[in-house]
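Engineer: Before we start, here is the structure in question, set down as structure tokens.
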Amino acid sequence: MNDVILKEKLISEGATLVGFCDLGFSPIENQPELRYAVSIVVKLSDSVLKTIVDRPSISYFQYYRTVNYRLDQLCLTCVRYLEDKGFNAFPIAASQSIPTNKYSGIFQHKTVARLSGLGYIGKNALFITKEYGSKVRLATVLTDMPLSREGELILEDCGDCKICQNACPIGAIYGENFEPLNPNKDLLDREKCSQNMKRYQDVGRGAVCGLCIKACPKNKLK
């Protein structure tokens with residue numbers, strides 16, 4: 001089953017898209033019942049993305065953090081709703097990392113979003129929606145409330161495009177398509193990407209580049 005009221009509630013509080021899926025397993029140790037997931041998507045501002053030219057802007061940095069905060073608040077809304085209905089719920093923050101792997105978190109949001117039928121994973125290793133391209137941020141809530149994908153999976157649609165690869169200032173993007181049968185395949189050099197972002201400490205601690213997002217032709221900036 002899928003909860004229409006939950007979707008409407010999250011959208012009314014700021015989510016752009018909401019999807020559901022059954023992962024078939026739980027990413028949380030000793031809690032195998034948390035196999036279902038809610039994917040929460042918030043669209044990024046076209047005007048803010050336009051401030052990225054050849055490096056991240058202070059406006060983008062501040063906005064990025066604000067969107068992450070909003071996603072975390074939406075996760076709390078979702079958790080409370082599910083718990084009030086008698087189910088267990090586990091929020092995964094918008095921006096996450098774990099001590100054993102600084103380039104990964106508890107579980108990838110884009111995997112949940114893809115399995116929810118909201119879009120696909122592009123050559124830039126970003127999640128790409130049909131409606132908004134890669135100009136989105138994601139968060140996830142795991143639960144034991146039975147949920148399932150509402151539509152069909154959206155297949156990869158980058159084709160021969162190399163725009164994001166050419167836009168990367170340090171050549172971190174390999175330019176290869178995501179493979180559903182090999183979902184752990186690396187699409188970019190995460191170490192190189194991380195080191196590049198440290199160049200922008202003048203923008204703010206933890207600044208993100210954003211050039212691959214800005215360059216993606218799926219975004220259709222207004």
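The values are calculated or read from the model by the stated rules, or taken from the named source; none is laboratory data. Since the structure is predicted, the reported quantities are computational estimates derived from the model, not experimental observations. Ideal geometry is used to build each Cβ from the backbone, glycine not excepted, and the neighbour counts take in all protein chains shown.
Engineer: For the range 86-99, check the following and say yes or no: at least one residue is of a type outside the set (Lys, Arg), part of a helix (DSSP H, G or I) and either within 18 Å of Ser45 (Cα to Cα) or in contact (Cβ under 8 Å) with a residue 60 or more places away in the chain (or both).
Structural biologist: no
Engineer: Let me ask something else about it. Lys162: under 18 Å from the mean Cα position of the chain (by Cα) and more than 30 Å from Gln31 (Cα to Cα), yes or no?
Structural biologist: no
Engineer: If you don't mind, another one. As an exercise: evaluate Cys78 against (1) of a type outside the set (Ser, Thr, Tyr); (2) touching a Pro at 6+ places or on another chain (Cβ under 8 Å); (3) within 22 Å of Tyr120 (Cβ to Cβ) and give the number of the one condition it does not meet.
Structural biologist: (3)
Engineer: Please go through the range 1-39 and pick out each residue that is in a helix (DSSP H, G or I) and of a type in the set (Val, Ile, Thr).
Structural biologist: Val4, Ile5, Ile11
Engineer: Inspect the range 165-172 for any residue being within 18 Å of the chain's Cα centre (by Cα) and at pLDDT 85 or above and give the result as yes or no.
Structural biologist: So far as the range 165-172 goes, no, none of its residues is within 18 Å of the chain's Cα centre (by Cα) and at pLDDT 85 or above.
Engineer: So, one more: Pick from the range 40-67 the residues that are in contact with a Gly (Cβ under 8 Å, 6 or more places away or on another chain) and assigned to a strand (DSSP E or B): which of them is surrounded by the fewest Cβ atoms within 10 Å (Cβ to Cβ)?
Structural biologist: This residue is Val42.
Engineer: Where in the range 128-222 are there helices (runs of 4 or more DSSP H), lying fully within it, with 1 or more residues that are of a type in the set (Val, Ile, Thr)?
Structural biologist: Output list reads 163-167, 211-215.
Engineer: So, one more: Name the one entry in Arg114, Arg137 that is buried (at least 18 other Cβ atoms within 10 Å of the Cβ), of a type in the set (Lys, Arg) and out of contact with any Phe, Trp or Tyr (no Cβ under 7 Å at 6 or more places or on another chain).
Structural biologist: Every option except Arg137 fails the conditions.
Engineer: Got a sec? Which of Leu76, Leu17 is closer than 25 Å to Leu115 by Cβ, surrounded by 19 or more Cβ atoms within 10 Å (Cβ to Cβ) and aliphatic (A, V, I, L, M)?
Structural biologist: Result of the check over Leu76, Leu17: Leu17.
Engineer: Scanning the range 166-222 for residues that are in contact with a Lys or Arg (Cβ under 7 Å, 6 or more places away or on another chain) and within 18 Å of Arg137 (Cα to Cα), which turns out surrounded by the fewest Cβ atoms within 10 Å (Cβ to Cβ)?
Structural biologist: Among residues in the range 166-222 that are in contact with a Lys or Arg (Cβ under 7 Å, 6 or more places away or on another chain) and within 18 Å of Arg137 (Cα to Cα), the one surrounded by the fewest Cβ atoms within 10 Å (Cβ to Cβ) is Leu221.
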